[in-house]
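What follows is calculated from the coordinates using simple rules that are stated; it is not laboratory data. If you're wondering where the values come from, they're calculated on a predicted model, not measured in any experiment. Cβ coordinates were reconstructed from backbone atoms using ideal geometry, including for glycine residues, and neighbour counts include every protein chain displayed.
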Amino acid sequence: METVIVKVGDAQVQVERGTTLGAIFASLGIEGAIGAKTGSELLDLHTPVKENMQVVPLFREDPESLELMRHTLSHVLAQALKEIYGYERVRLGTGPTTEEGFYYDVEVEGHTLSSEDLLLVEEKMREIVQRDFPIFRKELERQEAVELFSKMGEKYKVEIINRIEEGETISVYGQDGFVDLCRGPHVPSTGMVGEFKLTHVAGAYWMGDSSRPMLQRIYGIAFWDKKELEDRLRFYEEAKKRDHRRLGKELELFLIDEEVGPGLVIWLPKGAILRKTLEDYWKEKHIKRGYQLVYTPHVGNANLWRISGHLDYYRPNMFSPMELEQEEYFLKPMNCPFHVAIYKSKVRSYRELPIKLAELGTVYRYEMSGVLHGLMRVRGFTQDDAHIICTPEQVEQVIEETLLFAVEVLKDLGFEDFKVFISTKPADAIGSPEQWELAERALKRAVEHSGLDYQLDEGGGAFYGPKIDVKIRDAIGRLWQCSTIQFDFNLPERFDMQYVGPDNRRHRPYMVHRAIFGSIERFVGVLLEHYAGLLPLWLSPVQVKILAVSPDKHGQYARQVEAQLRDRGIRVELDLREDRLSARIRDAELQKVPYVVVVGDRELQTGSLSVRGKKEGNLGSMSLQDFTRLLLEKIDKKE
């Protein structure tokens, strides 16, 4: 009999090889465990011990237990679907856990699942949970597994089995006649799960490949505590209200028209004003910081992308080439090579460095239709791009100034809570060890000097350099990736970038890619969701709406007020409709206009305005001069 040694806390037992962790815990009198872990690997009680190991029992109160519970619920979901729509009609894809729950990709023959279906499926899931079926685990040989799932008509599972590397364990889990291909881990029985709720259905291409079948993805969330589940559902409701796609339509900011093309944004007049305001602010801040603004073409010769390496490393994300005079041109996926061309347009001296080139450059990337999402994931977008070319001695100062600049801009836009991540040298890095050491040290010192906390992402840098990522926390606690400061050892080499040093010899400069917003489109989406559409006064496309109680009687005075406000640079909209005043006030509120001005008999006689602030409520009567001063002060302070 072959034996192994298992250490559990201070206890140590010698057991027959293949004994399950559940049996070992029972022999030690450990009760209530629902799983285990060894190092960072999670195991369930069905796991057979095949070698000496040290394990820690997992209980419900341990954070890792959620993984086991949620994984089990994905199988309960799959079983419920099979029982409702028929074992032969439902074919299973994959059913992993998520940060807050689980999902399953399925194909339901002849039926498209709706929100009404989710209620039925959820009810069946609760029935399976209540019946508390014990869960079993079994290991199979490859051919045995292929035959089992082929017989069941599970073509996607057969495909997964054929992808499993030789020698890797193939296991199945099941309960109550339901069997699924799975590595685990799971809780011991279906009744040992927490509180859950199915949330929505979406489409998902099999294996993320748009040439493969579109499956239906059913999402659910799950927590041990009912209150935590309810809090999360309330959060989802709040997030739904803040969805930038809905707000963009309601506030008439932007349009994505399928006839024009998925992932291509059309900015409507109000959205264009918002975008212009943001861009004007961006340009002004950059000029004050010593950046030089540039404009570059939307297309580039194939040879440019060949030198830069994009045709080798980034081709799947680039649109198809256009042929002109027997040469290929590509829509640009990035602005970097053009900025390199500007730098190389003449001989550069160390006295000129650092050179800071900045551009609001529109780029085009071929994204799968399944991942497109409003303004957040598009095919054409404008990067707030900058490239800083400097000497090795200038690196630390450049990084620190760049990070502080990013934080300053984000604070101006109302964000105060930041998380910073530093990604370090990966295994496939190019560049010398000295370059990486200098660059990583510069990144760490810059963050430390800024007073921001940071986390290291060891090995998470790009092959061409380490980077800083700044994430901002929005009004409801979500983190959004925005600013990036990225070293690049690749392009200076590929394009043979040089500068003349104090020794009158040629040297290789350092290059830093930098974006603060990330892209204009995505950042506007983040702003809309952060502010729930009620943008700060200085950013609002319409800052004041003027309503005449009687368009015929008070319209002329309303026009005079409009002209004077507009003359001071305030964005005004005049409403002279015949509709009831209360209805027009309601419309202005729904449009999230910061200030509504009403003019009637009293205002006409006294030359005053009746002012209502979206946030402040009724501000009463005030003169046009006082109201203008109030607006300009708030705009200037970017309140």
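So what is the relative contact order of segment 65-241, in percent, for Cα pairs below 8 Å that sit 6 or more residues apart?
On the way: 292 pairs, mean separation 48.3, N = 177.
Result for segment 65-241 is 27 percent.
Using 26 Å as the Cα-Cα cut-off, could you pick out the over-long pairs in Lys276/Lys614; Lys283/Lys637; Lys276/Lys638; Lys226/Lys614? Don't skip to the end; give the middle numbers.
Values: Lys276/Lys614 23 Å; Lys283/Lys637 18 Å; Lys276/Lys638 16 Å; Lys226/Lys614 36 Å.
From the list (Lys276/Lys614; Lys283/Lys637; Lys276/Lys638; Lys226/Lys614), the Cα-Cα distance tops 26 Å for Lys226/Lys614.
Which cross-chain or sequence-distant (5 or more) residues have an amide H under 5 Å from the amide H of Gly361, H modelled 1.01 Å from N in plane?
Correct list: Gln383, Asp385.
Write down, largest first, the equivalent ellipsoid semi-axes of segment 544-637 in whole Å, where each equals the square root of 5 times an eigenvalue of the alpha-carbon gyration tensor. Present the calculation step by step, with values, prior to reporting the outcome.
Details: eigenvalues 71, 48, 29 Å².
Over the Cα atoms of segment 544-637, the ellipsoid semi-axes are 19, 16, 12 Å.
Between Lys138 and Glu616, what's the calculated FRET efficiency when r is the beta-carbon distance and R0 is 51 Å? Round to 0.05.
Details: r = 66 Å, r/R0 = 1.30.
It comes to 0.15.
Can you give the alpha-carbon Rg of segment 3-58 over 2.2 N^0.38 Å, where N counts its residues?
Details: Rg = 9.7 Å, N = 56, 2.2 N^0.38 = 10.2 Å.
Ratio of Cα Rg to 2.2 N^0.38 Å: 0.96.
Hey, what do the phi angles of segment 19-29 turn into as Karplus ³J(HN,Hα) couplings, whole Hz, using 6.51/-1.76/1.60 and θ = phi - 60°, x for Gly and Pro?
Rounded to whole hertz, the list is 5, 7, 4, x, 5, 5, 4, 4, 5, 8, x.
Under a Cβ-only charge scheme (Lys and Arg +1, Asp and Glu -1), can you give me the dipole magnitude of segment 87-225 about the Cα centre, in debye to the nearest 20?
Details: 16 positive and 26 negative charges, 34 e Å.
Approximately 160 debye in magnitude.
For the chain, what does -39500 (n - 2.57) per DSSP helix run (n ≥ 4), summed and divided by total residues, give at 222 nm, in deg cm²/dmol to the nearest 500? Don't skip to the answer; put the middle values down first.
Working: 19 runs with 225 residues, N = 639.
The helix-only estimate for the chain comes to -11000 deg cm²/dmol at 222 nm.
May I ask you to derive the FRET efficiency for Met322 and Glu88 from their Cβ-Cβ distance with R0 = 60 Å, giving the value to the nearest 0.05? Intermediate results must be reported in sequence, preceding the final value.
Values: r = 49 Å, r/R0 = 0.81.
Efficiency, from the Cβ-Cβ distance: 0.75.
With a cut-off of at most 10 other beta carbons within 10 Å, and DSSP calling the residue loop, which GluC sites (Glu not before Pro) in segment 211-308 qualify? Please list them.
Values: sites: Glu228, Glu230, Glu237, Glu238, Glu250, Glu252, Glu258, Glu259, Glu279, Glu284; in loops: Glu252, Glu258, Glu259.
The qualifying sites are Glu258, Glu259.
Does segment 287-382 classify as rounded, prolate or oblate by the C-alpha gyration tensor (a ≥ b ≥ c root eigenvalues; a/c under 1.5 gives rounded; else a/b over b/c gives prolate, otherwise oblate)? Please list the in-between numbers first.
Numbers: a/c = 2.52, a/b = 1.42, b/c = 1.78.
Note, shape of segment 287-382 comes out oblate.
In straight Cα distance, which lysines are under 24 Å from Lys227, not counting same-chain residues fewer than 8 positions off?
Straight-line reach from Lys227, under 24 Å: Lys124, Lys197, Lys240, Lys241.
How much net charge surrounds Asp417 when only other residues with a Cβ under 12 Å from its Cβ are counted (Lys, Arg +1; Asp, Glu -1)?
Working: positive: Lys411, Lys419, Lys471, Arg473, Arg478; negative: Glu416, Asp453, Asp474.
Taking every Cβ under 12 Å from that of Asp417, the sum is +2.
From the residues Trp224, Val158, Gly263, which one has its Cα farthest along the dipole of segment 139-284 in the positive direction, the dipole being from +1 and -1 charges on Cβ of Lys/Arg and Asp/Glu about the Cα centre?
The Cα lying farthest towards the positive end belongs to Gly263.
Run the simple label-point estimate for Glu123 and Arg17 please: 7 Å along Cα→C-beta, distance reported in nm.
5.2
Could you tell me the relative contact order of segment 183-323? Use alpha-carbon pairs under 8 Å, at least six residues apart, and round to a whole percent. The partial results should precede the final answer.
Details: 94 pairs, mean separation 15.8, N = 141.
That works out to 11 percent.
Short version: ³J(HN,Hα) in whole Hz for each residue of segment 149-160, in order, from phi by Karplus 6.51 cos²θ - 1.76 cosθ + 1.60 (θ = phi - 60°), x for Gly and Pro, what are they?
7, 5, 4, 7, x, 8, 5, 5, 5, 4, 4, 5
Separation of segment 240-269 and segment 379-446 by C-alpha centroid, Å?
Rounded to whole Å, the Cα centres lie 32 Å apart.
Which ³J(HN,Hα) values in Hz, rounded to whole numbers, follow from the phi angles of segment 352-367 under the Karplus curve 6.51 cos²θ - 1.76 cosθ + 1.60, where θ = phi - 60° and Gly and Pro get x?
Calculated HN-Hα couplings, in order: 7, 7, x, 9, 10, 9, 10, 8, 8, x, 7, 10, 10, 10, 7, 9 Hz.
So, with +1 on the Cβ of K and R and -1 on the Cβ of D and E, and no other charges, what is the size of the charge dipole of segment 3-58 about its Cα centre, to the nearest 20 debye? Numbers along the way, then the final one.
Details: 4 positive and 6 negative charges, 20 e Å.
Computed about the Cα centre, the dipole is about 100 debye.
For segment 479-588, take N as its residue count and report Rg(C-alpha) divided by 2.2 N^0.38 Å.
For segment 479-588, the normalised Cα radius of gyration comes out at 1.97.
Of Gly208, Pro96, Phe415, whose Cα points farthest to the positive end of the dipole of the chain (charges on the beta-carbon: +1 Lys, Arg; -1 Asp, Glu; origin at the Cα centre)?
Phe415
What does the C-alpha gyration tensor say about the overall shape of the chain? Classify as rounded when a/c is under 1.5, otherwise prolate if a/b is larger than b/c, or oblate. Can you show the working numbers first?
Numbers: a/c = 2.08, a/b = 1.37, b/c = 1.52.
Because a/c hits 1.5 or more and a/b fails to exceed b/c, the chain counts as oblate.
Please enumerate, by chain and number, the aspartates and glutamates with C-alpha under 13 Å from the C-alpha of Lys425, excluding those fewer than 8 residues away in the same chain.
Within the straight-line limit of under 13 Å, Lys425 reaches these aspartates and glutamates: Glu434, Glu437, Glu440, Asp457, Glu458, Asp488.
How far is it, in nm, from the label point at Arg566 to the one at Leu372 when both lie 7 Å from their Cα along the line to the Cβ?
Computed distance between label sites Arg566 and Leu372 equals 3.6 nm.
Report the one residue of Leu537, Cys336, Val76 whose Cα lies farthest in the direction of the positive end of the charge dipole of the chain (charges on C-beta: Lys and Arg +1, Asp and Glu -1; origin at the Cα centre).
Farthest towards the positive pole: Leu537.
List the residues whose amide H sits under 5 Å from the amide H of Phe517, counting only those 5 or more places along or on another chain, with H placed 1.01 Å from N in the peptide plane.
Asp384
Would you mind checking which residues have amide H under 5 Å from Glu328's amide H? H placed 1.01 Å from N; only 5 or more apart, or other chain.
Ala302
In segment 421-500, what GluC sites (Glu not before Pro) fall in a loop by DSSP, with at most 14 other Cβ atoms inside 10 Å? It would help to have the intermediate numbers written out before the result.
Values: sites: Glu434, Glu437, Glu440, Glu448, Glu458, Glu493; in loops: Glu458.
Filter output for segment 421-500: Glu458.
Which GluC sites (Glu not before Pro) in segment 66-166 pass both tests, a DSSP loop state and at most 13 other beta-carbon atoms within 10 Å? Intermediate results must be reported in sequence, preceding the final value.
Details: sites: Glu67, Glu83, Glu88, Glu99, Glu100, Glu107, Glu109, Glu116, Glu122, Glu123, Glu127, Glu139, Glu141, Glu144, Glu147, Glu154, Glu159, Glu165, Glu166; in loops: Glu88, Glu99, Glu100, Glu109, Glu141, Glu154, Glu165, Glu166.
Those satisfying the criteria are Glu88, Glu99, Glu109, Glu141, Glu165, Glu166.
Once you order the gyration tensor axes a ≥ b ≥ c over the Cα atoms, which shape class does segment 110-225 get: rounded for a/c under 1.5, otherwise prolate or oblate by comparing a/b with b/c? Display every interim value, and only then the final one.
On the way: a/c = 2.02, a/b = 1.19, b/c = 1.69.
Note, shape of segment 110-225 comes out oblate.
Run the dipole for the chain about the Cα centre, Lys and Arg Cβ at +1, Asp and Glu Cβ at -1, nothing else charged, and hand back the magnitude in debye, nearest 20. Each step should come with its number before you reach the end.
On the way: 86 positive and 102 negative charges, 443 e Å.
Around 2120 debye, computed over the chain.
Working from Cα positions, state the angle (0 to 90°, nearest 10) between the long axis of helix 115-131 and the longest principal axis of the chain.
Helix 115-131 and the main axis of the chain meet at about 30 degrees.
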